[in-house]
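Data first, discussion second: the structure below is written as structure tokens.
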Amino acid sequence: MAAPEDPHRRRVGLLYDERMCRHATPDGEIHPENPDRIRAIWQKLESEGIPLRCVVLSAKEAEDKYIASVHTARHIKLIKNISSKKFNSQRLRIASEFNSIYFNKGSSEASYLAAGSVMEVSEKVAKGDLDSAIAIVRPPGHHAESDEAMGFCLFNNVAIAANFLLNERPELGIRKILIVDWDVHHGNGTQNMFYNDPRVLFFSVHRFDFGMFYPASGDGSYCMIGEGPGAGYNINVPWEQGQCGDADYVAVWDHVLLPVAESYDPDIILISAGFDAAVDDPLGGCCITPYGYSLMLKKLMGFAQGKIVMALEGGYNLKSIADSVLACAKVLLEEKPLVGSIKAQPLESTWRVIQEVRHELKTFWPALSVELPQKVLVSNWRPCSVELNLSSSSESIVENDGGASVTICATNFVEIIEPLSKLNIDEDNHGKAITLDHIATDKSPVVLSEECPNAQALMPDKNVDGCTRWRSVLSKTEVWYGSYGSNMWKPGFLCYIKGGKVEGMNEPCPGSQDKSSPKGVIWKTVPHQLFFARSLTRTWGKGGVAFLHPESNKNDKAYMCMYRITLEQFNDVLLQENSLHQENGKSQGAGAPLLDLSDIGVVAENKSLPLEALKAGWYSNILYLGEEDNLPILTMTKFCRYNEKTESKSIQLDSSLCIMAMYHCTLGLMLHREQKNAS
Ligand code: Q9C
Ligand code: ZN
């Protein structure tokens with residue numbers, strides 16, 4: 001029985017439609033993005049009598065012409081047809097060509113309904129027929145790119161609705177839209193669709209983990225602020241790790257989102273409301289409580305005359321998402337004041353991230369230019385511990401499942417990040433090969449501040465008879481040495497060739513016997529994870545150890561700097577990287593090369609080659625990363641073992657090796673920034 005109409009009551013739209021449950025995995029495989037998600041939400045709301053107090057709506061399919069405002073004709077055609085009989089035999093293969101996507105015979109209908117539903121409620125809220133609305137839809141949308149399904153998303157529901165209001169319903173007076181994406185993952189699709197468009201302010205707060213967290217590209221970085229007329233209208237708040245909860249989100253609301261919303265003064269707010277940052281979510285690793293969500297929502301209701309549309313995105317713990325949506329529905333209904341309290345303080349990294357974001361955007365949003373009170377920064381934070389999952393098996397759908405993981409206390413990230421961030425990187429050579437001439441005219445990049453006193457003693461002597469034949473043979477073969485971490489910085493790397501020491505190094509390197517400069521430099525990205533360790537190395541001291549995950553994964557990306565050097569020089573680099581020049585240098589170098597000509601074929605074939613002689617060293621495993629100019633690209637990393645349980649290779653951690661998964665922690669992000677600035 002519907003309650004009698006109360007003119008003061010807020011009109012809240014609630015959209016749910018069982019037909020959106022027909023999108024499911026084809027053979028009933030378990031998947032986090034499953035029909036029970038929206039069923040659980042709906043059941044919870046029903047059990048609390050929420051639908052009786054709302055305007056309940058059912059789904060409508062979106063029309064192609066509206067979807068076409070953000071998706072290509074090719075993509076629309078794919079989603080339209082994927083469920084038809086004639087695709088029965090191809091569906092699996094087609095899905096596998098996308099990143100984290102499945103299709104079945106209900107997928108087309110559900111995607112059109114999800115997009116149409118968000119459009120429908122948005123129009124009603126824009127018109128004023130409703131004050132606000134919740135669209136309980138699936139499949140989700142924010143990862144979907146204009147020409148690509150991705151991350152469980154087929155159509156970008158929120159982007160379609162935003163475009164619809166702006167372009168198709170001008171009479172409703174919606175000129176500025178704020179999209180708040182609080183799903184734990186970055187809303188890459190939505191960001192890209194409005195990157196140049198100041199009519200849409202896209203705000204996303206997400207786990208970034210220095211580029212390691214899905215969708216694991218630089219797109220979620222705080223440097224991505226929009227471009228052209230859209231510059232300043234794209235705001236990313238990238239968490240450095242999980243464990244963010246109510247206090248962290250509220251701090252971001254208070255110190256980033258709300259001041260910006262205040263000056264932007266949106267006409268409507270669309271929330272990409274994923275609930276995978278909720279406590280107990282299997283993918284998110286964050287801990288927002290239902291009270292936290294209700295606060296975040298409440299704080300937004302002060303803008304756009306309370307015109308708010310929530311569209312479900314992710315969220316994979318049935319109980320958490322149901323409780324969270326319930327809390328949000330109660331806030332929109334505005335019947336009782338919120339009850340609850342925030343249990344913890346923000347993480348230390350939260351203040352760092354907030355400051356980075358404010359700094360990046362302060363020229364666009366003057367409200368962000370005020371320095372945060374020192375008192376807050378120094379006293380109002382809690383330490384965090386970081387859980388690392390070193391298995392990057394692409395098969396595992398639930399990220400926090402399986403694979404070796406280690407929990408370390410990281411109260412002092414600064415210790416590691418600071419020294420690395422002080423390194424300069426090679427200026428403006430990204431992406432293009434550097435000619436021999438260019439290198440030759442470099443003004444002595446190596447700071448030979450402390451010549452290695454007995455460099456000759458460290459490396460085998462050229463004139464020791466019988467010991468140098470391999471050198472002359474290998475000096476005629478060239479390879480690309482794929483460097484990552486601090487070796488990407490050319491002056492640093494050149495110490496391994498020319499000898500000497502640069503800022504940040506603990507002790508000088510002997511250099512290679514052949515001190516001639518690399519014959520070329522190319523920047524590239526490779527589909528591997530990069531890890532930074534907090535261990536000490538003799539050369540670099542604290543934080544100086546980085547590893548490339550030996551297995552590639554198409555979702556990973558690491559920047560690499562390729563140096564074209566001789567195989568002889570590669571051997572000398574290998575010795576130095578393993579700190580063996582002192583102990584074994586003489587015998588190793590004199591007897592036989594660590595990596596011989598014949599090994600190149602072996603490593604090319606098997607993709608990796610563990611070197612027995614180096615097994616005590618850090619970088620005992622040679623990886624083959626492909627070819628460039630018909631020369632093999634080789635690098636070296638830590639040896640990894642096959643784990644039968646997870647069927648993946650993982651780097652084995654011993655307790656003395658606290659590895660922090662800080663892909664791109666400094667160098668990568670700096671590069672990313674420079675590339676962005678250069679383009
Ligand atoms: N190793 C949403 O929350 N994870 N999408 C793939 C591959 C995909 C999440 C893991 C996560 C997609 C809407
Ligand atoms: Zn998500």
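For the residue pairs Lys176/Lys362; Lys298/Lys336; Lys501/Lys524; Lys554/Lys607, the alpha carbons lie more than 22 Å apart in Lys501/Lys524. A simple rule links phi to the HN-Hα coupling: the Karplus curve 6.51 cos²θ - 1.76 cosθ + 1.60 with θ = phi - 60°, which for the range 113-124 gives 5, 4, 5, x, 5, 5, 4, 4, 5, 5, 4, 5 Hz, with x for Gly and Pro. Backbone geometry of the range 133-138 corresponds, through the Karplus equation with coefficients 6.51, -1.76 and 1.60 at θ = phi - 60°, to 3J(HN,Hα) couplings of 7, 10, 10, 8, 10, 7 Hz, x marking Gly and Pro. Derived scalar couplings between HN and Hα for the range 58-65 equal 10, 6, 10, 6, 6, 8, 3, 4 Hz in order, rounded to whole Hz, by the Karplus curve 6.51 cos²θ - 1.76 cosθ + 1.60 (θ = phi - 60°), x for Gly and Pro. Approximating the spin labels as points 7 Å out from Cα along Cα→Cβ, the Arg169-to-Asp265 distance works out to 2.2 nm. Which shape class, rounded, prolate or oblate, goes with the range 113-166 when its Cα gyration tensor gives a ≥ b ≥ c as root eigenvalues, a/c under 1.5 marks rounded, and past that a/b bigger than b/c marks prolate? Prolate is the answer for the range 113-166, as a/c is 1.5 or above and a/b outweighs b/c.
Under 5 Å from the amide H of Met562 lie the amide H atoms of Ser483, Ile522, Trp523, Lys524, each residue being 5 or more positions distant or on a separate chain, with H modelled from the backbone and absent for Pro and chain starts. Positive contributions from Lys and Arg (+1) and negative ones from Asp and Glu (-1), summed over other residues with Cβ under 12 Å from the Cβ of Gly13, come out at +2. Which of the residue pairs Lys85/Lys319; Lys105/Lys127; Lys60/Lys85; Lys105/Lys330; Lys307/Lys330 have a Cα-Cα distance greater than 26 Å in the structure shown? Cα-Cα > 26 Å for Lys85/Lys319; Lys105/Lys127; Lys105/Lys330; rest within. Ordered by the number of other Cβ atoms lying within 10 Å of each residue's own Cβ, fewest first, Met296, Met193, Met150 fall into the sequence Met150, Met296, Met193.
Placing R0 at 60 angstrom, the Cβ-Cβ distance between Val376 and Leu597 gives a FRET efficiency of 0.50 after rounding to 0.05.
Note on Asp254, Asp197, Asp209: ascending count of other Cβ atoms within 10 Å places them as Asp254, Asp197, Asp209, the fewest first. Amide H contacts of Gly500 (H built 1.01 Å from N, in plane; Pro and chain starts excluded): Cys452, Cys509, Gly511 sit under 5 Å, all sequence-distant by 5 or more or on other chains. Charge tally around Gly173: other residues with Cβ under 12 Å, Lys/Arg +1 each, Asp/Glu -1 each, net +3. Using 0.36 nm per residue and subtracting the Cα-Cα separation, the extra length available between Glu334 and Glu605 on full extension is 91.1 nm.
Between the range 194-256 and the range 26-82, the C-alpha centres lie 25 angstrom from each other.
Modelled spin labels at Lys554 and Phe364, positioned 7 Å past Cα toward Cβ, are 3.2 nm from each other.
Taking amide H as placed 1.01 Å from N in the peptide plane, the amide H of Val56 sits under 5 Å from that of Leu14, each at least 5 places away or on another chain. Label the range 27-162 by shape, choosing from rounded, prolate and oblate, from the square roots a ≥ b ≥ c of the eigenvalues of the Cα gyration tensor; if a/c is under 1.5 it is rounded, and otherwise prolate applies when a/b is larger than b/c, oblate when it is not. Since a/c reaches 1.5 but b/c is at least a/b, the shape of the range 27-162 is classed as oblate. Using R0 = 35 Å, the C-beta based FRET efficiency linking Lys80 and Arg10 works out to 0.40.
Count Lys and Arg as plus one, Asp and Glu as minus one, and take only other residues whose Cβ is under 15 Å from that of Ser294; the net charge is then +2.
None of the figures in this text is laboratory data; all of them are computed from the coordinates on show. Everything numeric here is computed off the predicted structure, so don't read it as measured data. Cβ coordinates were reconstructed from backbone atoms using ideal geometry, including for glycine residues, and neighbour counts include every protein chain displayed.
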